[in-house]
């Protein structure tokens with residue numbers, strides 16, 4: 001079983017690429033996690049969602065739950081030591097306040113969230129929640145070691161170890 005930390009360690013150091021890679025892993029997670037996978041019918045990257053109204057303006061993924069309700073999701077590939085600020089969530093909360101969405105979820109690779117950011121999320125009229133690094137680490141999923149060219153290729157030694165693990 002691969003650990004989330006190993007997967008995140010394979011992400012590209014470029015912040016833009018790293019962010020796109022994390023968006024894809026969030027899509028994977030939301031469809032493979034036992035809880036979210038049961039509750040959600042489909043998860044799109046923003047650029048693949050058929051009803052998007054323009055370029056990414058803070059919403060990275062859209063999910064449809066079993067009742068047909070839509071979720072707006074923001075994926076943030078932060079350093080684990082980064083503290084989420086109100087400024088970090090404002091654009092997402094604004095964009096996802098549209099009537100199409102019944103729920104909003106912020107997924108981040110840190111456990112640190114500032115008091116004002118937390119209070120802002122909790123005070124939303126429309127339900128909003130966070131899924132932080134500790135939540136992702138505690139999830140009962142077998143994280144992939146890599147995902148079809150989206151992450152750095154495994155070294156020869158890592159491929160050998162991976163093959164040995166499967167025997």
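What does the extension gain come out to for residue 120 and residue 80, with contour length at 0.36 nm per residue minus their alpha carbon separation?
That pair, residue 120 and residue 80, stretches by 12.3 nm at full extension.
Would you compute, from DSSP H runs of 4+ residues alone, the mean residue ellipticity of the chain at 222 nm, taking -39500 (n - 2.57) per run and dividing by the full residue count, rounded to the nearest 500? List each step's numbers first, then the result.
On the way: 7 runs with 65 residues, N = 167.
After summing the helix terms and dividing by the residues of the chain, the value is -11000 deg cm²/dmol.
With the alpha-carbon atoms as the only input, what is the per residue convex hull volume for the stretch 4-166 in Å³?
Cα convex hull per residue, to the nearest whole number: 122 Å³.
Return the distance in nm (one decimal) between the two label points of a simple spin-label model at residue 67 and residue 41, each offset 7 Å from Cα along Cα→Cβ.
For residue 67 paired with residue 41, the spin-label model returns 1.3 nm.
If R₀ is 35 angstrom, what is the calculated FRET efficiency for the pair residue 52 and residue 90, using the beta carbon separation as r and rounding to 0.05? Walk me through the numbers on the way to the answer.
Numbers: r = 20 Å, r/R0 = 0.57.
The pair residue 52/residue 90 has a calculated efficiency of 0.95.
The numbers here are math on the coordinates, done by the rules we state, and not lab data. Just so we're clear, the structure is a prediction, and the values are computed from it rather than from any experiment. Because the Cβ atoms are built from the backbone with ideal geometry, glycine has one as well, and the counts that use them run over all protein chains shown.
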